[in-house]
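Below you'll find the structure, written out as structure tokens, and then a few comments.
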Amino acid sequence: MRLKIALLCATLALQSFILAEGADGGFFAYRSFNPEFKAMAEFAKRGINTVALFPANTYNSLGGAYCAYPPNWVWMGKYDFSVFDRQFDDVIAVNPKAEFICIVDLNSPIFLQHRLSLNGQSAESDSFTALSNALVNKNWKKHTLDYMKALLAHAEKKYGQRIKAYLLACGQTDEWMDYSNGTFGRFKAQAWKAWRQKRGLPPAPIPSFEKMDSADFDNFLRDPSKSGDVIDWFVFSNEIVADAILDFTKAARSSLAKDKKIGVFFGYIMQLAYGRLVGAGHLFYERVFASPDIDFFISPGNYFDRQIGQGSGFMAPNGTRVRFGKSWLHEIDHITHTCKDSQNQSVPGMNRAWDTQEKTNAGLKREFALATISGASLWCFDMWGGWFNTPETMDVIEKSRQIWEKHSSKRYKGAAQIALIADPQSAFYICDKYIDKDLKVLDVYAGTRTKMNLLGAPFEIFSFDDLPHVNLDQYKFIVFPASFKITQERLKMLKEHVFKNGRTLLFAYAPGIIDGKTLDTNRVRDFAGFDYGAEGVNVSDKGDYKIAYIAKYKDITPEVLRKLAEDAGVHIYFDEYAPVFANERLLAVHTATGGKKTVRLPKKYSQVRELYSGKVVAEDADSFEYEFKKPDTALFELEQN
């Protein structure tokens, strides 16, 4: 019943595609792993008093301690919360106005791993490296729940008036990612047996590692008639993670007042690729998004799209979190020209994309604009210090806060006429191991989004199951990078809600090749109207809609996407292949090249003001010229009479 109510409320929330948290629920915050008191004081001077603290007990993926303070969970059922207090009190001493987002470390301290291993549970007591194994270990779960409840009780008693939100963190990098990589212990094997029984499935052994690492078709897809056990295994493993998040957040919600926000890192379908798209446990994000116990979700900006001139983005489908009425927190952890590494080690996947002050300015404004236009919260993640330590950088942050505060309480309708559709059900048929020279796993979502970021027009990202529940009238061009599973029920839904209104629908690689039971290339022709593997860009006019089919991901280029979008009647704001974010009131353009460029608006506005400079750049205009710096991000406010 609670789930049905949550789904109903989420549907009602769709009156606006852009959902701003508002002044009472949003966060513009500072975070660091280290006690960077000088930076905290500088952020406080700039009006930023919310600080995210991580009283951690564990070690990061580089082998260093997450927290500069000692652990507060010291033994089985024993806690030293004076350490917790010191971390908060030290910040309050620097900034008496400080408010907090408290990150709760649910990962296994070393003593818990070793203690449980004495009972033969070593494979199922390390949540950081083998999350799904630990989550089915009842002993691990009991001790961890006890710790969480004790910490929440202490935190509320001591700092309840200052703590605005709790972020429950577990798994690899504390983002609920499962790095078990197919491995299993006794408890997970028992859970697999029970899972199959509950679903009326016949008993089956756990698939071999060799089978888990191999594909049946094109070195990429699994055929359910041949590898149904592997598909089931990863469905089972993903469900473990989703169910555990629901259990922990439900327990946290029962311990907290209604005004306390609860969040988690989750839903990274737009980011995860090799060994992680299917294996990391994030594919049941829709189930988690529907939870009435969770208020917001969080991710860093996309790691594959960080260079100046690229478009960034959230790691989960923004349209899906809006469908379920959830808030989003955008983690700005992009490496600036002044940042320090952890213990002089570089961070995997985090290149120094912003190596000058000018790039730092343009990059930060891009991230702030993305969050503001999307109605999202954010924090500036100072990781190991030094990320934001020049006056010019702090000037950008202060101005961004002022802009964000003005607009965060507003609800603006999205301006996107383009949609990108993620399909977690189809993702289960992908073999996400690094086995294909054409790099299809990375190309599916991260690669497609990177190209779409260069269209010169905004777009929204939904999940396949959102389609019957959202108003699609404004969308003229919809991209389906990986909808391999098309059942009769799914086909009926597409015909009722998508195949209409003269829009163009782009399907990539092998749409409809799987019906849930078998894999057959003939279904691609039946569904898309073209043979599987047909070369080039193929377009078929169906009368009330068009289907475009592109077999190879490498052939999906920004140029091809823009041509299809323009033919579908999409408004293109910017001639350069560059990122554009927009809603009905705000418009951001990011460019690496700079210079005088024309921006075209979808209609006439009485005034256009660039918010960072405060300058009016056009009046009574449906287009204008603007002199961009090299590089630059400009954020325009669009006024109507």
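The values are calculated or read from the model by the stated rules, or taken from the named source; none is laboratory data. Note that the structure is predicted; figures quoted are calculated from it, not measured. Virtual Cβ from ideal backbone geometry, glycine too; neighbours counted across all protein chains shown. Just the protein is used for accessible areas: all its heavy atoms, side chains included, with ligands, DNA and RNA removed. Shrake-Rupley method; radii C 1.70, N 1.55, O 1.52, S 1.80 Å.
Results for (1) on the phi > 0 side of the Ramachandran plot; (2) small (Gly, Ala, Ser); (3) surrounded by 18 or more Cβ atoms within 10 Å (Cβ to Cβ), shown as yes or no for each residue.
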residue	(1), (2), (3)
Arg352	no, no, no
Asp355	no, no, no
Thr360	no, no, yes
Arg366	no, no, yes
Ala369	no, yes, yes
Asn389	no, no, no
Ile397	no, no, yes
Arg401	no, no, yes
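Taken over the stretch 300-327, the criterion of being farther than 21 Å from Arg352 by Cβ, of a type in the set (A, V, I, L, M, F, W, C) and over 13 Å from the mean Cα position of the chain (by Cα) is satisfied by Phe324 alone. The selection criterion, being touching an Asp or Glu at 6+ places or on another chain (Cβ under 7 Å) and free of Cβ contacts under 8 Å to residues at least 40 places away in the same chain, holds for Ser227.
To keep it simple, each residue is scored yes or no on (1) open to solvent by 10 Å² or more (accessible area, probe 1.4 Å); (2) of a type outside the set (A, V, I, L, M); (3) at pLDDT below 95.
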| residue | (1), (2), (3) |
| --- | --- |
| Lys410 | yes, yes, yes |
| Ala422 | no, no, no |
| Ser426 | no, yes, no |
| Asp432 | no, yes, yes |
| Asp436 | yes, yes, yes |
| Thr448 | no, yes, no |
| Lys451 | yes, yes, no |
| Phe464 | no, yes, no |
| Thr487 | yes, yes, no |
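Only residues that are exposed (fewer than 14 other Cβ atoms within 10 Å of the Cβ), in contact (Cβ under 8 Å) with a residue 40 or more places away in the chain and small (Gly, Ala, Ser) were counted in the stretch 518-559, giving 0.
Within the stretch 85-109, being in contact with a strand residue (DSSP E or B) (Cβ under 8 Å, 6 or more places away or on another chain) and open to solvent by 10 Å² or more (accessible area, probe 1.4 Å) holds for Gln87, Asn95, Glu99.
In the set Ser82, Ser61, only one residue is of a type in the set (Gly, Ala, Ser), surrounded by fewer than 18 Cβ atoms within 10 Å (Cβ to Cβ) and assigned to a loop (DSSP other than H, G, I, E, B); that residue is Ser61. Of the strands (runs of 3 or more DSSP E) contained entirely in the stretch 567-625, those carrying at least 3 residues that are among the charged types (D, E, K, R) fall at 595-610.
Matching residues to (1) among the hydrophobic types (A, V, I, L, M, F, W, C); (2) open to solvent by 10 Å² or more (accessible area, probe 1.4 Å):
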| site | (1), (2) |
| --- | --- |
| Ile231 | yes, yes |
| Ile245 | yes, no |
| Arg253 | no, yes |
| Lys258 | no, yes |
| Val264 | yes, no |
| Leu283 | yes, no |
| Val288 | yes, no |
| Phe297 | yes, no |
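Annotation for the stretch 350-369: at least one member residue is within 18 Å of the chain's Cα centre (by Cα) and acidic (Asp, Glu). Residues that are farther than 18 Å from Pro109 by Cα and open to solvent by 10 Å² or more (accessible area, probe 1.4 Å) within the stretch 160-181 comprise Gly160, Gln161, Arg162, Lys164, Asn181, listed in sequence order. Filtered by the rule that a residue be in a strand (DSSP E or B) and either under 20 Å from Ala457 (Cα atoms) or among the polar types (S, T, N, Q) (or both), the stretch 364-388 gives a lone residue, Ser377. Screening the stretch 576-634 for residues that are among the acidic types (Asp, Glu) and within 29 Å of the chain's Cα centre (by Cα) and picking the one that is surrounded by the fewest Cβ atoms within 10 Å (Cβ to Cβ) gives Glu584.
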